[in-house]
Amino acid sequence: MRNTHVEIRLLSGAGGAEISGVDVARELDDDIVGKIRATLNEHCVVFFRDQELDAARQKAFARRFGEIFIHPNYKGIGDDPEIVMVRREPGDTSYVGEDWHADTTMWPEPPMGAILYGIDVPPYGGDTMFANQYLAYDALSEGMKNLLSGLRAVHSDIMVAGPQAGKNKGRSTKHRDGADWRETRSAHPVVRTHPETGRKMLFVNASYTVGFEGMTETESRPLLNFLMEHGNRPEFTFRFHWQRGSIAFWDNRSTKHIALGDTGPFRRLMRRVQICGDQPA
Ligand code: SIN
């Protein structure tokens, strides 16, 4: 495939754009990279179909958008620390991405995005859903926006990694859970401003956000629950159906996502590369 005629097809009113006419395994010129970045910023997730991509080419593509992020909880698990194989086998009772979340937000500078490549895709099911957090913020009342401005949320990996999370049992993709594992905690603004578009968005998620700074978890819970549910309202969401060779490249600042569990008796294998981000402000 040559990079000659780039076309962009919008997936929904809430976000997502499928880009055709780009072979991401090739050297991409700056114009095409600029177009992908602009589309990502505007539509929150970009998708490509029918790509042939080995790990080296996937990483080279990711590097056009930033440094590769090494996930602290998968470090030392696979052969290559820059890659996480997101694997689900028949019979698994748990899997990566099973709750609405943005990735790795316990980190002081969470990844700006992730590039997920479909290697072994079930004949049905296993879609990924995304929720646009610009829309979630915009839909709040002025009163709620005022309440949230200046509020910071505490993000921790205590619920998803480490021995206490108990997530490795029944899950093919394992994370670090040895006695040397340590929790990582960071506080980020509940309403974050996108560093490239300048737009405000909601920045809390079910996998990592444990409360508000200066409040107990019990005090935080009612408002947090409201924000979590609000952020996933159907009208903010869109859904991607995978095929072998598909790519989803999401903006991890402006979206949350969830991997659906309906893969039946089939295997699902994806290769993920994350891209470094900045400190939320
Ligand atoms: C993830 O949450 O990074 C994985 C998403 C998916 O497998 O669809």
Do we find a residue being modelled with pLDDT of 95 or more, among the charged types (D, E, K, R), over 30 Å from ASN168 (Cα atoms) and open to solvent by less than 40 Å² (accessible area, probe 1.4 Å) anywhere in the range 55-62? no
State whether one or more residues within the range 25-35 are farther than 30 Å from LYS169 by Cα, in contact with a helix residue (DSSP H, G or I) (Cβ under 9 Å, 6 or more places away or on another chain), open to solvent by less than 10 Å² (accessible area, probe 1.4 Å) and part of a loop (DSSP other than H, G, I, E, B). no
Please give the number of the condition GLN164 fails out of (1) at pLDDT 95 or above; (2) outside any loop (DSSP other than H, G, I, E, B); (3) open to solvent by 30 Å² or more (accessible area, probe 1.4 Å). (1)
Given the conditions (1) open to solvent by less than 60 Å² (accessible area, probe 1.4 Å); (2) touching a residue at least 12 places away in the same chain (Cβ under 8 Å), and given that MET159 satisfies all but one, which numbered condition is not satisfied? (1)
Applying the selection to the range 99-128, what residues are open to solvent by 50 Å² or more (accessible area, probe 1.4 Å) and within 16 Å of GLY264 (Cβ to Cβ)? ASP120, PRO123, TYR124
Could you grab me the full set of residues in the range 56-94 that are of a type in the set (A, V, I, L, M) and more than 16 Å from the ligand (Cβ to nearest atom)? ALA56, ALA60
Looking at GLU183, is it out of contact with any Phe, Trp or Tyr (no Cβ under 7 Å at 6 or more places or on another chain), under 30 Å from ALA14 (Cα atoms) and of a type in the set (D, E, K, R)? no
Scan the strands (runs of 3 or more DSSP E) fully inside the range 168-271 and keep the ones with 1 or more residues being within 16 Å of the ligand (Cβ to nearest atom) and open to solvent by less than 10 Å² (accessible area, probe 1.4 Å). 209-212, 237-240, 247-251, 255-259
Taking first residues from the range 114-141 that are at positive phi and modelled with pLDDT of 95 or more and second residues anywhere that are more than 15 Å from the ligand (Cβ to nearest atom) and part of a loop (DSSP other than H, G, I, E, B), the pairs with Cβ under 8 Å that are 6 or more apart or on different chains are GLY125/GLY264
Go through GLY91, GLY15 for me and flag whichever is on the phi > 0 side of the Ramachandran plot, open to solvent by less than 10 Å² (accessible area, probe 1.4 Å) and not in a strand (DSSP E or B). GLY15
With the requirement that a residue be part of a loop (DSSP other than H, G, I, E, B), at negative phi and touching a residue at least 24 places away in the same chain (Cβ under 8 Å), what does the range 71-88 give you? HIS71, PRO72, ASN73, TYR74, LYS75, ILE77, ASP80, GLU82, ILE83
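The values are calculated or read from the model by the stated rules, or taken from the named source; none is laboratory data. Since this is a predicted model, take the numbers as computed values, not measurements. Cβ coordinates were reconstructed from backbone atoms using ideal geometry, including for glycine residues, and neighbour counts include every protein chain displayed. In case anyone asks, the SASA skips ligands and DNA or RNA and just uses the protein heavy atoms, side chains included. Shrake-Rupley method; radii C 1.70, N 1.55, O 1.52, S 1.80 Å.
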